[in-house]
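Here's the structure, in structure tokens; my notes come after.
What follows is calculated from the coordinates using simple rules that are stated; it is not laboratory data. In this text, all values refer to a predicted model and were calculated from it rather than measured experimentally. Here the Cβ is made from the backbone with ideal geometry for all residues, glycine too, and neighbour counts use every protein chain on show.
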Amino acid sequence: MKRLLAALFLCAVTAVAHAEISQKFGPLEIHYNALITDELLPEVARTYKIERSKTRGLVTISVLKQNQVGVPLPVPARITVYVTNPSQQLANITLREVREGTAIYYLGEFRVTPPDTLKFTATVEVGGEPKREMVFSQKFYK
């Protein structure tokens, strides 16, 4: 996960400097990002079997839950994501779970035609917690 997250953050930082992207819901902390797969380093794309393209996007989501002493730890989740473009066309994004050591994260690819701003809606379910919904938008540049 560290390799993927490092590559994703390096890509994101080169495109736009921004704060960490996450939302908190009680003991849950959901981290997410979306980018064009062409921005991934070739070896990262190969490792995670991601097609590099200027018309393919990648959404990443990881869920952390505070343990009894308040330390956030990765937890498995049921996550559904759909994306809407400015024309209100809707597409589901199929996510796959990746586990590396104690890290757990979810990756999903989608079509994008830059320049474009897409709206993502994710529903996250973690055992013992209420279902959470979050919405975020991402602008993609040529």
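Among L28, V126, A91, which residue has its Cα positioned farthest towards the positive end of the charge dipole of the range 2-140, with +1 placed on the Cβ of Lys and Arg, -1 on the Cβ of Asp and Glu, and the dipole taken about the Cα centre?
Final value for the positive-end residue is A91.
Ordered by residue, what ³J(HN,Hα) values in Hz, to whole numbers, does the range 119-134 give under the Karplus form 6.51 cos²θ - 1.76 cosθ + 1.60, where θ = phi - 60° and Gly and Pro are x?
Coupling constants for the range 119-134: 10, 10, 10, 10, 10, 10, 10, 10, x, x, 10, x, 4, 10, 10, 9 Hz.
Summing -39500 (n - 2.57) over the DSSP H runs of n ≥ 4 in the chain and dividing by its residue number, what mean residue ellipticity at 222 nm do you reach, to the nearest 500 deg cm²/dmol?
Computed ellipticity for the chain at 222 nm equals -4000 deg cm²/dmol.
So what's the net charge close to T113: Lys and Arg +1, Asp and Glu -1, counting the other residues with Cβ under 10 Å from its Cβ?
Working: positive: K54, R111, K142; negative: D116.
With Lys, Arg at +1 and Asp, Glu at -1, the net is +2.
Using Cα springs under 10 Å in a Gaussian network model of the chain, which residue among V98, V59, V81 shows the largest mean-square fluctuation?
Taking springs between Cα atoms under 10 Å, the residue moving most is V98.
What is the total of Lys pairs in the chain with C-alpha atoms under 22 Å apart, excluding same-chain pairs fewer than 8 positions apart?
Total qualifying Lys-Lys pairs in the chain comes to 13.
Rg to Rh for the range 2-140: what is it, with Cα atoms only and Rh by Kirkwood?
Computed over Cα atoms, the ratio is 0.95.
Any idea what the dipole of the range 2-140 comes to, in debye rounded to 20, about its Cα centre with Lys/Arg Cβ at +1 and Asp/Glu Cβ at -1?
140
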